[in-house]
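Colleague: What follows is a structure written as structure tokens; I'll ask about it next.
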Amino acid sequence: MKNRKKQTPDNAFREALEENIQGSRHAIKFIVQFVSALLKVRTSNLVKIANAFETEVDKDSVYRHVQRFLKNANAVSIDYLQLLKAGGKLKLLIDRTEWKFGRAWINILTLSVAYKNVAIPVLWKVMSHKGNATAFEHKAISKRFVAEFGGHRILRIYADREFGSYELFSYLLESRIDFHIRLKTSHKTGGNSALCRRRHVSADRTADDYLRQSISS
């Protein structure tokens, strides 16, 4: 009986990537090494990640390769949804994370897929300013998902008060995309605040009805 080749985690990961990535075999091998190193060091420090690579290549060369990879210089494209085996309609979350690194502000707008109680970013934009994203940016990242994966894949979009913009609401309503987005109590719908509207919602009309009516009018 022939001995079967032992299946290692790296081999399994590489096989999964080969089915869901557009890139060279060298690029796929590098991604496997990068993820393995990242899991070992549990930090985003590129020097430590490069040092954790299991390779005989000079560490400085690995470090420069990591930098080129993160800039996507080789134009590698990964189908994240296929890689996750996330079929059917998806719950999407729009959020923003911001922190200060030295004197520089890092501000990232993300669109994530809710997958097994974990939010996995599939689209993001690094913004050049600190503070809230603009209404145009809210709409743009939603349109990117529709363009790349199709609006039929969206079950619902969730977001916090920061994303309660007229532009985003209008786009989602016109595209017939369901959404649950929190409103500030001062948000005006039909001349009254959202808090006042909520207090006076009748049994046969929901707050969403009022919102749609005020946007369409």
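Colleague: Work out, step by step, the length gained on full extension between ASP60 and GLU162: first 0.36 nm times the residue separation, then minus their alpha carbon distance; give nm to one decimal. Provide the component values of the computation, followed by the final result.
Modeller: Details: separation 102, 0.36 × 102 = 36.72 nm, distance 4.20 nm.
Gain on stretching ASP60 to GLU162: 32.5 nm.
Colleague: Quick one: LEU38, LEU92, fewest Cβ neighbours within 10 Å first, how do they rank? Write out the running numbers ahead of the final one.
Modeller: On the way: LEU38 15, LEU92 25.
Ranked by crowding around the Cβ, least crowded first: LEU38, LEU92.
Colleague: Report the extension gain between TYR80 and VAL126 in nm, rounded to one decimal, defined as 0.36 nm multiplied by the number of residues separating them, less their alpha carbon distance.
Modeller: Going from the current span to full extension adds 14.7 nm.
Colleague: With Cβ to Cβ distances under 15 Å as the rule, what net charge do the other residues near GLY87 carry (K, R +1; D, E -1)?
Modeller: +3
Colleague: Turning to a different aspect of this structure: What is the calculated FRET efficiency for VAL47 to GLU19, with r their C-beta to C-beta distance and R₀ = 45 Å, to the nearest 0.05?
Modeller: E between VAL47 and GLU19, to the nearest 0.05, is 0.90.
Colleague: May I pose another question? Take the Cβ-Cβ distance between PHE101 and LEU173 as r, set R0 to 35 Å, and report the resulting FRET efficiency rounded to the nearest 0.05.
Modeller: For PHE101 and LEU173, the calculated efficiency is 0.40.
Colleague: How many nm is it between the label spots at ARG144 and HIS180, if each spot is 7 Å from the Cα in line with the beta carbon?
Modeller: Going from the ARG144 label point to the HIS180 one covers 2.5 nm.
Colleague: Then there is this: Taking 26 Å as the cut-off for C-alpha to C-alpha distance, list the pairs among LYS29/LYS139; LYS71/LYS116; LYS91/LYS125 that go past it.
Modeller: LYS29/LYS139; LYS71/LYS116
Just so you know, all these numbers are worked out from the coordinates, no wet-lab data involved. All values derive from a computational prediction rather than experimental measurement. Cβ atoms come from the backbone with ideal geometry, glycine included; neighbour counts cover every protein chain shown.
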